[in-house]
Number of protein chains: 2
Amino acid sequence: MDTTEILKQLAIIVLAAKFFGLVARKIKAPMVVGEIIAGLIIGPSLLGIVQSSDFLQGMAEIGVIMLMFSAGLNTDIKQLKETGIKSTVIACAGVFVPLIFGTVLYMCFYGFCAPGSEHFLKALFIGTILTATSVSITVQTLKEMGKLSDAIGTTIMSAAIIDDVIGIVVLTVVIGFRDPDAKIWDVVFRTALFFVFSLGVGIVVYHIFKRIDKRYPHTRRIPIMGMALAFILSYLASEYFHVADITGAYIAGVILSSLDDSDYISRKMDVNSYMLFGPVFFCSIGLQTNIRSVNSGILLFSVAFVAVGLISKVIGCSGVSLCMGYRMNDSLKIGLGMMTRGEVALIVAQRGLAAGLLEHTYFTSVILLIIASSIITPVLLKLVYSKDKALPEG
Amino acid sequence: MDTTEILKQLAIIVLAAKFFGLVARKIKAPMVVGEIIAGLIIGPSLLGIVQSSDFLQGMAEIGVIMLMFSAGLNTDIKQLKETGIKSTVIACAGVFVPLIFGTVLYMCFYGFCAPGSEHFLKALFIGTILTATSVSITVQTLKEMGKLSDAIGTTIMSAAIIDDVIGIVVLTVVIGFRDPDAKIWDVVFRTALFFVFSLGVGIVVYHIFKRIDKRYPHTRRIPIMGMALAFILSYLASEYFHVADITGAYIAGVILSSLDDSDYISRKMDVNSYMLFGPVFFCSIGLQTNIRSVNSGILLFSVAFVAVGLISKVIGCSGVSLCMGYRMNDSLKIGLGMMTRGEVALIVAQRGLAAGLLEHTYFTSVILLIIASSIITPVLLKLVYSKDKALPEG
C-alpha cells in the first residue's frame, strides 16, 4: 500500500473513532462501542472509504498487545492470588458450557450424529470457537469506569487468561482428533512450560527493572523497555509455545505491575494507545466485516450462534460464580465481562478453516459475534455497574 | 508479513535503538546517530536479524510525519516572519550550489558534454538528488539540545521548507526536459496553490481548534485532532499538490503552533515519537542499506558524491549566510543544519529511476549520503554549538 494512502486512512480512522466515541459517551455508552461502529460506518459495510489492509492489521495487533500489556500492568497481584482458584473454576465453566451449547446448536441446525464422525467434529468446532474469551473490550470498558483493578475486575482478568489457556488446549484437542499426528499432551506441556518460563523470566526481568527504576526513576527507558518486554513475550508465546500472543503481553504487564514506576509505564502506554493504536484496533473490528454480504440462510444461523455464544458464557460464568457465593450483581458482571469475543475467536476459526473443520461461510457468524459482543457487553456492563451504585455496598 | 514477526522486529528495533542511543549519548554524540547505527547493526549490513518491510516503512513514514508535525508545533511564527527573506536566500543557495556541483561531479567521472544531451541530463539529475534537504535529523538534534525554536533553528527550519519547494520545482524541470508532456508551470502553480490552500485551511482550522481548546482544555481530542490534521495535510500535499508530504505535516504544526495547548499537543506527540515511531524511523535508515554489496567502482564515486553533497550545501548555505551578515559560527550552524539528506533524496532518486535518468547502482550512493549526513551532521552541529557556549554572546 502507498504510504500516503496510509496517512489518509489513519486520519479517517482516528477522526471517525474519536467522533463516534464521543457520541457514544454522550448517550452513556462506552467509547469503544462508538469506535467499533465508526469502523462499520467507514468500512465496506457502509461508506467503504477505508479498507482493512496488512498495515492496519499490523497496527491493530500492536494495539491489542499494548492494551493487554496495560491491563497486566494494572493487575493487583495480591488480588490475583486471592481470586486464583475461583478464577480457574469460572474459566472452566466459561469454556465448557459454550463448547457444549455450540456443538448442540450446530446439530440442531444440521442434524444430530454420533461422536467421532466428520459431522460431529464440525459441530464440536463451532463449540470450540465459542470458548475463546477476548477481554480487550471488557478491559477498555472497565478502565473507562475505573473498575479494572478491583476484586471483580481482577477476577475477570485472571479468569480470561486461564480461559485462554484452557481454550487453546481444547482447540488443540479438537484439531488433534482430525490429525492423528498432533500430540495433544505435547501442547499441554508447552503451555505449562510457557508459564514456568514466564515465571523464570519474570523474576529476573523484575529485578533488572527494579534496579534501573531505582537508579533512573521516571526515565524514558523504563516504558520503552517495558513495551519491548511485552512485544518479546507475546512473540515467544505465539512462536515457541503456541499460546495466544496477548497472553504474553498480559504476563509482561503482570511482571512489571509491582514496580514503583508501573503507573508511569502505564500512562505512557496509554498515550500511545488512545492516540493511534487503540482507535485502529477497535475500528478494524468494524472494518473486517461487510454486513451487505450476509444472506438469509447464514443470517439465521448467525443470529442463533451469536445468541448462544453470549448466553452460554453468561450461564457458565455467572452460574458458577453464584454457586461460589458471589452476589447476584457481581456474578452478572463476571458473566458479562467474560462474554466478549475478539481476535482469538477469529484465530481459532482460521485454524479450523486450515484443518478443514470449518467452511468460510461461518466467518461472518464469528465476526458478527465479535461485533455483537463488543457492542452489547460494554452497554450491559455499564448498566450492571450503575445498579451497583444504587445499592449499598456489601 | 506475519503479525508476530512484526512484534519481534519492533522489540529488536526499540531495544537496539535505545541501547545505541544511550551509548551515543555517553560519548556526547546525539542519540539519533546511535539509532541509525543500531539500524545498520541489526540490518543486512551486519547481523541481518531485521529486514526492512512494507510495514516498517509505513511506521517510519508515520514517524517522520510526527517528527515534522512536532517541529512545526515548535515553530515561532514571529521569528519565521523575521527570517522569511533570509531563509529564502539561504534555500536558493542550498539548492543551486549542490545542483551545479553534483552535475560537474558526474561529468568529472564520466566525461563532459554539451547541455541538452542524454548524458548531460543524467549528470544534471545527480545534481538534482543533492538539492533535497531533509531536516528531520537536524530537528531531532536541535530538539535534544533545546535549540529548535531559537533564531537559527527557525531559520534552518524555514530554509529547509523553502528548499523543499524549490527542490521539487527543480526536479520537475529536470524530468520535464526528458518528457515534453510535463508542464513545469503547472507544478509551480500547484505548489503555490498548496501554500494558499494551507493558509485558507489554516485560518479556519486554527479558529476551530482555538474554540475547542478554550472549551475543553487539555483533553485528548486536541492532540488526536492535531495529529489527524497533520496526516490529512501530508496526504493532500503529496496526493493533490505533488509537494513532499512532510511539508504538509510541518505546516499543520505551524497552524497549531500559536494555540495555548500547542505544548500539550507537542508533548503527546513526543511520547508517541520516542516510544515507537522515532526509533523505527531512524533505524529504518540504517536497515535500508547493505554496506556489503558496495564494490570499489561505485564506492569511489559514492565517496566523492557524499563529500560533494555535504560540502556543497555548507558552501552554499553558510556562504550566503555569511554574506547576509550572520556570524561565522551561526553561518556554520545553518550550513550544517541544511546538510542532512533523507527520504526526500531517495524519493527524488526513485523518480529519476522511473524516468530513465538514473541507474539503480547510484542508489547505494544516495543511501550512503543519507547515512553519512545523518551521522556527521549531528556530531558537527553539537561541536559548533558547544563552541558557542565558550564564546561570549553577541
task: Could you check the simple spin-label distance between residue A:117 and residue B:188, using points 7 Å along Cα→Cβ, in nm with one decimal?
output: 8.1
message: Give the lysines reachable from residue A:210 as a straight Cα distance under 21 Å; neighbours fewer than 8 places away on the same chain don't count.
response: A:78, A:268, B:18
task: Could you please point out the chain A residue with its Cβ nearest to the axis of the rotation taking chain A onto chain B, and the distance in whole angstrom?
output: A:271, 2
FRET efficiency, residue B:88 to residue A:196 (Cβ-Cβ, R0 51 Å, nearest 0.05): 0.20
- request: Working from the alpha-carbon coordinates of the protein assembly as shown, get Rg over Rh, Rh being the Kirkwood radius.
  value: 1.02
message: Test of understanding: what is the full-extension gain from residue A:359 to residue A:151, defined as 0.36 nm times their sequence separation minus their Cα-Cα distance?
response: 70.8 nm
task: Would you list, by chain and number, the aspartates and glutamates whose Cα falls below 15 Å from the Cα of residue B:214, excluding same-chain residues fewer than 8 positions away?
output: B:260, B:261, B:263
message: Label position 7 Å from Cα toward Cβ: report the copy-to-copy distances for residue A:5 in nm, one decimal, ordered from shortest.
response: 2.0
- request: Could you check which residue among B:83, B:247, B:219 shows the biggest mean-square fluctuation in a GNM of chain B with a 10 Å Cα cutoff?
  value: B:219
field: R0 of 35 Å, Cβ-Cβ distance residue A:5-residue A:290: FRET efficiency to nearest 0.05
entry: 0.95
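Once you order the gyration tensor axes a ≥ b ≥ c over the Cα atoms, which shape class does chain B get: rounded for a/c under 1.5, otherwise prolate or oblate by comparing a/b with b/c?
Details: a/c = 1.35, a/b = 1.18, b/c = 1.14.
Rounded, because the longest to shortest axis ratio a/c is under 1.5.
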query: So what is the 222 nm mean residue ellipticity for chain B from helices alone, if each DSSP H run of at least 4 adds -39500 (n - 2.57) and you divide by all residues, rounding to the nearest 500 deg cm²/dmol?
result: -26500 deg cm²/dmol
Cα-projected label distance for residue B:215 with residue B:51, points at 7 Å along beta-carbon direction, nm: 5.1
query: At each listed q (0.12, 0.15, 0.16 Å⁻¹), what is the log10 of I(q)/I(0) that the Debye formula gives for the range A:143-255 modelled as equal alpha-carbon point scatterers?
result: -0.53, -0.77, -0.84
- prompt: Which shape class applies to the range B:1-130: rounded if a/c is under 1.5, otherwise prolate when a/b exceeds b/c and oblate if not, where a ≥ b ≥ c are the square roots of the Cα gyration tensor eigenvalues?
  reply: oblate
- prompt: Other chains near B:224-233: what is the mean number of their Cβ atoms within 10 Å of each residue's Cβ?
  reply: 6
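If we count other beta carbons within 10 Å of each Cβ, what is the order of A:362, B:250, fewest first?
Details: A:362 21, B:250 31.
The most exposed by this proxy come first: A:362, B:250.
Please work out the ratio of the alpha-carbon Rg of the range B:278-385 to 2.2 N^0.38 Å and round it to two decimals.
Numbers: Rg = 15.2 Å, N = 108, 2.2 N^0.38 = 13.0 Å.
Computed over Cα atoms of the range B:278-385, the ratio equals 1.17.
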query: Distances from residue B:151 to the same residue in each other copy, label points 7 Å out along Cα→Cβ, in nm, shortest first?
result: 6.8
query: Going by average Cβ neighbours within 10 Å, how do the peptides B:132-139, B:234-241 rank, with the highest at the top?
result: B:132-139, B:234-241
message: Taking residue A:356 in one copy and the same position in all the others, each labelled 7 Å out along Cα→Cβ, what are the pairwise distances from the first, in nm, shortest first?
response: 5.4
- request: Compute the signed sum of charges (Lys and Arg +1, Asp and Glu -1) over the other residues within less than 13 Å, Cβ to Cβ, of residue B:237.
  value: -1
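Taken together, the values in this text are just the output of simple stated rules run on the coordinates, not laboratory data. Owing to the predicted nature of the structure, the values given are computational and were not obtained by experimental measurement. As a convention, Cβ positions derive from the backbone with ideal geometry for all residues, glycine included, and neighbour counts pool all protein chains shown.
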